[in-house]
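Trainee: Okay, handing you the structure first.
Each value in this text was obtained by applying a stated rule to the coordinates, not by laboratory testing. Here the structure is a predicted model, which is why all the values come from computation and not from measurement. Please note: Cβ atoms are built from the backbone with ideal geometry, for glycine as well, and neighbour counts cover all protein chains shown.
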Amino acid sequence: MIQDINQETLEKRFKTLNQEAKNSGYNLNTDKDFTMGLVEGLLMNAGRYGYESCPCRLSLGEKHADMDIICPCDYRDGDLSEFGACFCGLYVSDEIALKKLPAPVVPERRPPSSERSKIKTSSMRTEKLPFPVYRCKVCGYLCARNNPPEKCPICKAGKERFEIFLI
């Protein structure tokens, strides 16, 4: 059920996102009006779907199908490296943040749904490891253990954002 988002809730989520970004070495867009619109979209999607999918992409409303676009999305770091901002413009590079430049237009790098279903991680190793290696799809953190961590120690993404990298 979608509920009205009051200014206090919006400000609180913005402050949390901003602090999480800073703690992880990222920057939110310095255009506060623009950024607040994106934060409102994240909150609306959380109310609508139960998770904060990217407000600039079409969500299927099925968490397992939308895992790659739950904010921060799997494409953020590639977008930041190549263009200086993520697709929706919520996250920006140090240069854009420091100079308070507008976020550039970033082309969509999310593959079509027909292609996403074909993408699988594969192992080039033939011997069995003592533990599977999990990779955080948000930041690339790797860990070898029986299960992924509850939260990524680097970017704080939840365990559902981990995939098996090596077996």
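Trainee: If I go through the range 77-102 residue by residue, how many of them are within 12 Å of N27 (Cα to Cα) and in a loop (DSSP other than H, G, I, E, B)?
Mentor: Residues meeting the conditions: 6.
Trainee: Now for a separate question. Could you pull out the residue among E20, E40 that is under 19 Å from S93 (Cβ atoms), among the acidic types (D, E) and not in a loop (DSSP other than H, G, I, E, B)?
Mentor: Going through E20, E40 in turn, the sole match is E20.
Trainee: Any idea which residue in the range 1-17 is farthest from the chain's Cα centre (by Cα), counting only those that are assigned to a helix (DSSP H, G or I) and surrounded by 15 or more Cβ atoms within 10 Å (Cβ to Cβ)?
Mentor: Taking the candidates together, the pick is L10.
Trainee: So which residues in the range 55-92 are in contact with a strand residue (DSSP E or B) (Cβ under 7 Å, 6 or more places away or on another chain) and among the small types (G, A, S)?
Mentor: Scanning the range 55-92 gives S59, G84, A85.
Trainee: Continuing with the same structure: I'm trying to understand the selection: among the residues of the range 18-36, which are within 24 Å of L60 (Cα to Cα) and crowded, with 17+ Cβ neighbours inside 10 Å?
Mentor: The one that is within 24 Å of L60 (Cα to Cα) and crowded, with 17+ Cβ neighbours inside 10 Å: T35.
Trainee: While we're on this one: Within the range 43-76, count every residue that is part of a helix (DSSP H, G or I) and of a type outside the set (D, E).
Mentor: Total satisfying the criteria: 13.
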